[in-house]
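Working notes for the structure below.
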Amino acid sequence: MPDAYILGIESSCDETAAAVVRSGEQVISNVVASQIATHQPYGGVVPELASREHLRAIVPVVRQALAEAGHTYNSVDAIAVTRGPGLAGSLLVGISYAKALAFALDKPLIAVNHLEGHIHAVLLHLSQNRERQQANHELAFPVLALVVSGGHTHLYLAEQKGRGWIYENIGHTRDDAAGEAFDKVAKLLGLGYPGGPAIDRLAPRGDPRAVKFPSAQIKHRDRRGRKDGRAVEPDANLDERPRFDFSYSGIKTAILRYVETHNMRASIEARRQALAKISKPGLEDYLAHCDKPTLDLAASFQRAMVEDLLEKTLAAAHAYDAATLFVTGGVAANNELRRTFEQEGAKEGLPVFFPSRPLSTDNAAMIAAAAYPKFLAKDFAPMDFSAEAGMALK
Ligand code: KG4
Ligand code: ZN
């Protein structure tokens, strides 16, 4: 089989990204234009601004990805693009451009699920490292994949089918995604946006046992009736397979209450204003404006999040006899999370794999990689396919 070079395009949220990947396993180029500066003043992603920024960035980003790979529009073998889930207006920018390229160049077009992309980011990492040989021969199924990002906290059980994988959703968040909780807590503490990286860096300076949070107990099956993370008719399709759902509204409320009862408002506002004046605050800037109660709260919050994710994921791994664990998505860049999952996975004899850190957050290399089995199977998208904001992974 000759090598296939796939151009991947990703625009589901606040990153415009393009990449060229060889045969699903070698990243030749990987360009990511972040919109952080645009959304920073609002403390979160503003969908209308995101679409506008994607429109501005998509052409130069794709051009740069091709140039860095030493490719041209004509020399790639296929064009892959994120179909969903994500922000509808943002997805449409990538999809429309991918369609136009595929049509004009007469190349196959491949539609990719963003969540499958995150899972393939782990495979990309394995295939680029020394673990490669081992992983190719020994990747044992079923794989349990925790996709933990700003938009998702999903548990999938994956099996191999033909050249590709099939997925069963066995857990999801009932409210905020884990990354969203990091972002909201950081905003509440005046630490800016996005919050995950800031809390990650500050947490080692605080005491993770200083503040106790009640663990999220989810007693009932999801009454809204959800399957694959999407709403369905109430009580329809709810089989009896065990589920491992997450919830972060409790911990957010607990932090809000802690801030109020400990009179932290004034110091938070002072920090917010001081950090807003610094364009890219570094660790020293954060530390200069953080008191001990804030550091302790950040450390305790991160510890509670990591423990909750770990506990539910390991329980799911036991219940479904998972042979391998993948942890991926933006929050998988978190240092304490990586360390804890690796340690606890090793204790249980469960191999745990992550993407490289740059491929943990949104990127297009993961989209081009996930497209490769579809390229081999000639599973091409029709020209009239559209964005699917709530797309399920199956
Ligand atoms: O995967 P991603 O880039 O976009 C989505 O698909 O959502 O994830 C972004 C999320 C944000 O919520 C961000 O705060 C979080 O990932 N994040 C982190 C870290 N780096 C990014 N959370 C915790 N620790 C980190 N180091
Ligand atoms: Zn993502």
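What follows is calculated from the coordinates using simple rules that are stated; it is not laboratory data. Everything quoted here is computed from the prediction, not taken from an experiment. Using ideal geometry, Cβ is built from the backbone for each residue, glycine included, and neighbour counts are taken over all protein chains shown.
Using the Cβ-Cβ distance between Arg56 and Glu240 with R0 set to 41 Å, the FRET efficiency works out to roughly 0.25. In percent, rounded to a whole number, the relative contact order of the chain is 27, using alpha-carbon pairs under 8 Å and six or more apart. Size of the chain: Rg and Dmax of its alpha carbons, in Å, are 20.9, 65.
Taking every alpha-carbon pair within segment 82-196, the share separated by more than 21 Å comes to 55 percent. Note on Lys99, Lys378, Lys312: ascending count of other Cβ atoms within 10 Å places them as Lys378, Lys99, Lys312, the fewest first.
Based on DSSP H segments of at least four residues, each scored -39500 (n - 2.57), the chain has a per-residue ellipticity at 222 nm of -13500 deg cm²/dmol. Phi-derived couplings, Karplus 6.51 cos²θ - 1.76 cosθ + 1.60 at θ = phi - 60°, listed residue by residue for segment 95-110: 5, 4, 5, 4, 4, 4, 5, 4, 5, 5, 9, 6, 10, x, 10, 10 Hz, with x used for Gly and Pro.
Each peptide in 21-29, 188-196, 364-372 gets a packing score, the mean of other Cβ atoms within 10 Å over its residues, and the list from highest to lowest is 364-372, 188-196, 21-29.
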